[in-house]
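See structure below.
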Amino acid sequence: MTAEKRTLQLSAKGSTVTTDQAALPPWPVLVVDDDADVIAVTRLNLRQFQFAGRGLALRAASSAREARTLLENTPGGFALALIDVVMESDDAGLLLVRHIRETLGDRKIRLVIRTGQPGLAPERYVIDHFDIDDYKEKSELSAQKLYTTVRSALKSYRDLTTIDMARQGLEAILGAAPRMYLHPLDSFEEFYSGVFTQILGLCHLGAYSEVRIANGFLALFNKDDITIKAGVGDVRLHASHTVASRENFTSTETVIPLRIRDETIGMLYLEHGQPLDPLALHLLRIFTGQVCVALQSLRMQMELRQAHRSAIQMLSEAAEAKDANTGEHIQRIVSLTRRLSLALGLAPDLAEQYAQASQLHDIGKIGIPDQILNKPGPLDQDEFSRISTHSAIGGTIIKDEKNFGIAREIALYHHEKWDGSGYPEGLRGEAIPMSARIVSVVDVFDALTHCRPYKGPWSIGQAVDEIRRLSGTSFDPRVVDAFARLYAEDQLADLVQ
């Protein structure tokens, strides 16, 4: 299937559905009255009631006390309560209203007072002092008036619920956005998993909260293949070109294409037991749009990170061309810097930044004459002074590139010593950046265990003993302790040839 054909087919997938409809749940209504005849007449008059394609599920309570029990033990609560005033006490219904609004904190349920004794609960007083939505005398509630009252109350409840669900959905979208845009690039699969979790949450928003996603997946297109990034249910059954090439979907399926600019990069597919509420579908469209923007942003970040790594690689290769010992040395420095950083408890992302930046620790050697750099013997004082300038040279080479901040720290300070006797600035203790303290140990270990023009290789044990001896003078004791743990765990031998 070509990309052009797939794009055309997916362009209609958000709106093309067949006309089958699943049954919608009835509106839950509570009738509270101590007169059994009133309850029976109410049931009779509302037996054929329909609003927005939904009937009624009437529950009855013969006292305020019984009503409290129903209210506290009914999952999802009620949309409307028709409440008598005088029951076990003259103000039992009014106290029930206060309990619902203040104790239960339910502001959405519509409350209609029905009283046969208006003298005990005057309309003006009740409306002014209790949070109700309507006041009716039983004598005026004909079948038609009851229908109008219930319909108006349910319409109000539906609209309030829609507003509240929209608020929750937008809060969910806004809450998820920072996590999407700031997601660690090294755990990209978790990004898709988190996005799909948010999608499932949005499906439960709307007038009908009992939405069950039987199957679903978030997939990306790669040429003619579909790669599932996250899903639920038997996604393998549906993750095929069959879904991507279909043009008609039922009302219990949702397909939303993922697009970046004019390119369709993937799709969201969901199967649910009943049609999604229009609000939930609208929120899903908004959210998937944000997902696409986040994907574009993350792709750009990955490209920038790769460009950054490529720049480091090119600079390190320039140093390698200058010093025959630098190439393999650099790769060993990268591996050991990563291990030592993790052994110190640093976050994986920071450990990787240190590892990549360590490639430029000796970039300043570009400015050192070959006869000094590759001299097959000890350096005299002038030669040592000259080669010691490579730290400052390295810091100068990359000082103006803000993305090379850690690399500059390492290049400039990896020859500083814990006791302040190092160069180029004589920094002491914690004043030396942690990145440089780590590479300082790593660099010395690698130099000791490998051939140089002026020396042969030491054994791993000899090199570790020397580093321990210099703990507290040349090296940060905490870094040395972590390095010793790597040695004890046999994590150094593979880096020594």
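Table for the structure above
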quantity: Inter-label distance for HIS99 and LEU70, nm, one decimal - labels placed 7 Å from Cα along Cα-to-Cβ; calculated: 1.3 nm
quantity: Added length on full extension, which subtracts the Cα-Cα distance from 0.36 nm per residue, THR197 to GLU430; calculated: 79.6 nm
quantity: Estimated distance in nm for a label pair at TYR147 and ALA347, the labels positioned 7 Å out from Cα along Cα-to-Cβ; calculated: 6.3 nm
quantity: Efficiency of FRET between ASP225 and GLN306 - r from beta-carbon atoms, R0 22 angstrom, step 0.05; calculated: 0.45
quantity: Intensity falloff of region 27-141 expressed as log10 I(q)/I(0), Debye formula with alpha-carbon point scatterers, at q = 0.10, 0.21 Å⁻¹; calculated: -0.26, -1.23
quantity: Estimated vicinal HN-Hα couplings, Hz - region 87-92 in sequence order (Karplus 6.51, -1.76, 1.60; Gly, Pro = x); calculated: 9, 5, 8, 5, 10, 4
quantity: Inter-label distance, nm, simple model (7 Å from Cα along the C-beta direction), CYS451/LYS108; calculated: 7.7 nm
quantity: Distance between region 47-83 and region 96-131 - C-alpha centres, whole angstrom; calculated: 16 Å
quantity: Alpha-carbon centroid distance for the pair region 389-424 / region 328-376, whole angstrom; calculated: 12 Å
quantity: Packing rank of 356-368, 461-473, 374-386, where each peptide gets the mean count of other beta carbons within 10 Å, highest leading; calculated: 356-368, 461-473, 374-386
quantity: Sparse-neighbourhood loop sites, trypsin sites (Lys or Arg not before Pro) in region 392-433 - DSSP loop, at most 16 other Cβ within 10 angstrom; calculated: LYS399, ARG428
quantity: Antiparallel content of DSSP bridges confined to region 16-146, in %, to 5; calculated: 5 percent
quantity: Region 36-97 - Rg and Dmax from Cα coordinates, angstrom; calculated: 12.7, 38
quantity: Residue-span extension gain [ILE286 to ARG386] - 0.36 nm each, minus C-alpha spacing; calculated: 29.8 nm
quantity: Full-stretch length increase - GLU466, GLU123 - with 0.36 nm per residue and alpha-carbon distance subtracted; calculated: 114.2 nm
quantity: Cβ-defined net charge surrounding ASP90, 14 Å radius [Lys, Arg +1; Asp, Glu -1]; calculated: -4
quantity: Over region 331-471, volume per residue of the alpha carbon convex hull, in Å³; calculated: 115 Å³
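Only the coordinates and a few stated rules stand behind these numbers; no lab work does. Worth saying up front: this structure is predicted, and the values here are computed from it rather than measured. Counting neighbours? That spans all protein chains shown, and the Cβs are built from the backbone with ideal geometry, glycine included.
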